[in-house]
Amino acid sequence: MAIREVSQEAIKKPVHAANLAGDNDIVGRGVREGADLFRSWFNELSTVAENGGGAAYVFVLGSMNEVLKTFDMPVSFPEVNALQTAIRRVSRDYLNEAEDYGFSPDICGYVKADVAMQLAGGKHPMGTIPKPSIAVLTNACNTYIKWA
């Protein structure tokens, strides 16, 4: 992408959303690019799952993502997977499935949503989540150990 030249007048002019309304390169760019990144990430995970591969399940906080990616290890963030089900308004189905399986209603919803995803063969609104082949976690939430 080429960097656009900005005139001195534009630099001095205050920036308001109304001034940018016609500029599709700026308004909504973060949302568009973020959505593209999510689609790309879930597509990669789906490909791994379809080929029978596994992924590293990691806690978002302190995930060592960079180290895992160095070894070409696909990375799945259970919290992100669970949040995406909530955004798409299907999390209740996953939570109910996990509770029907025997998980208590007071257990973390992230855990229950991901357990239910695996019970459904990795089925997720954005694709297929591969099975865990390794769990990388901290002691911030001891429930993560049950994902692996």
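Listing for the model above:
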{"read-out": "Contacts under 8 angstrom Cβ, first residue in the range 109-138 being within 19 Å of Glu44 (Cα to Cα), partner in a strand (DSSP E or B) and of a type in the set (Val, Ile, Thr), 6 or more apart", "value": "Gly121/Thr128; Gly122/Thr128; Ala135/Val58"}
{"read-out": "Output for the range 39-79, where each listed residue is part of a helix (DSSP H, G or I), loosely packed, with under 14 Cβ neighbours inside 10 Å and free of Cβ contacts under 8 Å to residues at least 24 places away in the same chain", "value": "Ser40, Glu66, Val67, Lys69, Thr70"}
{"read-out": "Answer from Asn51, Asn65 - the residue that is closer than 23 Å to Ala135 by Cα and at pLDDT below 90", "value": "Asn65"}
{"read-out": "The range 91-104, residues that are surrounded by 15 or more Cβ atoms within 10 Å (Cβ to Cβ) and either closer than 12 Å to His124 by Cα or in contact (Cβ under 8 Å) with a residue 60 or more places away in the chain (or both)", "value": "Ser91, Tyr94"}
{"read-out": "Of the criteria (1) over 21 Å from Asn43 (Cβ atoms); (2) at pLDDT 90 or above; (3) part of a loop (DSSP other than H, G, I, E, B); (4) not charged (D, E, K, R), which one Leu95 fails", "value": "(3)"}
{"read-out": "From Ile107, Ile87, residue being in contact with a helix residue (DSSP H, G or I) (Cβ under 8 Å, 6 or more places away or on another chain), surrounded by fewer than 19 Cβ atoms within 10 Å (Cβ to Cβ) and not acidic (Asp, Glu)", "value": "Ile107"}
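The values are calculated or read from the model by the stated rules, or taken from the named source; none is laboratory data. Note that this is a predicted model, so its numbers are computed, not measured. Cβ: placed from backbone, ideal geometry, glycine included. Neighbour counts: every protein chain shown.
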